[in-house]
Amino acid sequence: MRVVIDSHIPYIVEAIRKAWPQVDIFPMEPEQIDAAAARDAEVLVVRTRTKVNEALLLGSSVRLVCTATIGFDHIDTAYCDAHNIQWTACPGCNAQAVCDYIEEAIEEVSIKNSGFSIHTLGIVGVGHVGSLVARMAERRGLKVLLNDPPKGIGVSLDASEGIEPFSGGEIADCDIITFHVPLDKSTYHLCDETFLARCKPNALIINAARGGVVDEQALLASGHPFILDTWENEPHINPEVLHRALRASMHIAGYSMEGKRNASQTCLDTIAKTFSLPPVTLPAFPSRGDTAPGWLERITCDLQAHPEAFEALRRNYPLR
C-alpha cells in the first residue's frame, strides 16, 4: 500500500514505519502532492495547503483522504463521494489550542489597551472551539452571547450558567466578536459590511476560523480593531490588512503539540480501520513553544516584519 503524506504533519511517518513496515510511505512537501504523486497512492494524508479535487484525484488509485485539520473546505467532498473515495477530517483535534489563542488575544488587548472595555463576548460558531471559548470567557467573568449561523439558530449551552443566544439585533452588545465556523457558502464573508455596521464602532473582531469568513476589505473600511489568524488568499496576505491588525499570526492558532498529536492519531486510526491494520497509539509529547506572556505580540512583530515569509514562519512555528 502506498501512502503519500504531507511532510509537515508530525509523528505520523515515524509511527507508520515502526508499526506497519509493509506500507510504502512517501513524505512530500504540500506543493509536491500533485496528480503524479497521487496516481499510484491509495491514501493521501494532507493539510489545508493541498487542494484535493478532480485535478488531483482523476485517474488515481486513491481510496482514502485524511486531512490532519479541523476544516475540510480544501477537499472536494462531492467529488470524493461520487467516486467512492473515503475522506475524513479531525474535528476538535486542536480546539483547546484555538481557545488558548483567543484567551491570549483577549489578555494582551486588555493589558496593552487600558481604555479598551471588555464586558461581553459574542461567539459565532458553537462547535468544539466555540464551546471551549465560551467556558473560558465565563471563567474570566465575561458575559457570553452565542450564535451558530450554519445551524440557523441562536444556541444556548446552558441557560443556567448565564450563556445566552444572540441574533443580529444583539451584535451591538458585543465588545468582542470571535468566529469559529467552517468556511462554506453559508459562511463566506459572513462578517461583511452589513454585519460590521451592526457592531459597536470599537468592537474587536477576531477570526481564527478560516480566511474568507471575514470580508477583509469591509473590515478595513469599517475601522474596527481586529485580530486575524486566518486570511483571505493566504499565504499571499494583504499587507494593509496585516499592518492594521492589533495582532496577526500565520494560521497557527490551533498549532499545539496536543492538537497535532490528536490529528495524527485520528488519521492513523482511520487508516488502520479502513485497511484492517493493527492499531497504533501515539505517546504524549511535551510542548516546546513560547507561551510566555506576550507571545502573540511577538508573533505579530515577526509576521509584520516579514509578510513574505508567511509560509516559512508557519512551518517553523514551535508548537505550544
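The values are calculated or read from the model by the stated rules, or taken from the named source; none is laboratory data. Since we're looking at a predicted model, the values are computed, not measured. All Cβ positions, glycine included, derive from the backbone under ideal geometry; neighbour counts span all protein chains shown. Side chains included, ligands, DNA and RNA excluded: accessible areas come from the protein's heavy atoms. Shrake-Rupley method; radii C 1.70, N 1.55, O 1.52, S 1.80 Å.
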* Asked: Hey, what's the chain come to in accessible area per residue, 1.4 Å probe, Å²?
  -> 43 Å²
* Structure fact -> Checking every Cys Cβ in the chain against the others at 4.7 Å leaves as unpaired 80, 99, 174, 191, 199, 301
* List, in order, the whole-Hz ³J(HN,Hα) value for each residue of region 312-320 obtained from phi through the Karplus relation with A = 6.51, B = -1.76, C = 1.60 and θ = phi - 60°; use x for Gly and Pro. => 5, 4, 5, 5, 9, 5, x, 4, 5
* **Loop-located chymotrypsin sites (Phe, Trp or Tyr not before Pro) in region 201-276 whose Cβ has at most 14 other Cβ within 10 Å (DSSP)** => none
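Is there a quick way to get the dipole size of the chain? I mean about its Cα centre, with the Cβ of Lys and Arg at +1 and of Asp and Glu at -1; what is the value in debye to the nearest 20?
Rounded to the nearest 20 debye, it is 700 debye.
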* **Selection from 124, 46, 248 lying farthest towards where the dipole of the chain points positive, charges on Cβ** => 46
* Structure fact -> Going residue by residue through region 119-125, the Karplus relation 6.51 cos²θ - 1.76 cosθ + 1.60 with θ = phi - 60° gives ³J(HN,Hα) values, rounded to whole Hz and with x marking Gly or Pro, of 10, 10, 10, x, 10, 9, x
* Put a dot 7 Å past each Cα toward the Cβ at residue 285 and residue 188; how far apart are the dots in nm? -> 3.5 nm
* To do: With N set to the residue count of the chain, report its C-alpha Rg divided by 2.2 N^0.38 Å to two decimal places.
  => 1.02
* Using the Karplus equation 6.51 cos²θ - 1.76 cosθ + 1.60 (θ = phi - 60°), what ³J(HN,Hα) coupling, rounded to whole Hz, does each residue of region 237-249 give in order, writing x for Gly and Pro? -> 8, 6, x, 5, 4, 4, 7, 8, 5, 5, 9, 8, 9
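For region 166-222, with only Lys/Arg (+1) and Asp/Glu (-1) charged at the beta-carbon, what is the dipole magnitude about the Cα centre, in debye rounded to 20?
Dipole of region 166-222, to the nearest 20 debye: 80 debye.
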* Tally the DSSP beta bridges in the chain and give the antiparallel ones as a percent, rounded to 5. => 5 percent
* Structure fact -> For region 14-62, the charge dipole (Cβ of Lys, Arg +1; Cβ of Asp, Glu -1; about the Cα centre) points to a positive end, and the Cα of 37, 60, 27 closest to that extreme belongs to 27
* Structure fact -> Expressed as a percent, the accessible surface of the chain that is carbon or sulfur, using a 1.4 Å probe and the full set of protein chains, is 51 percent
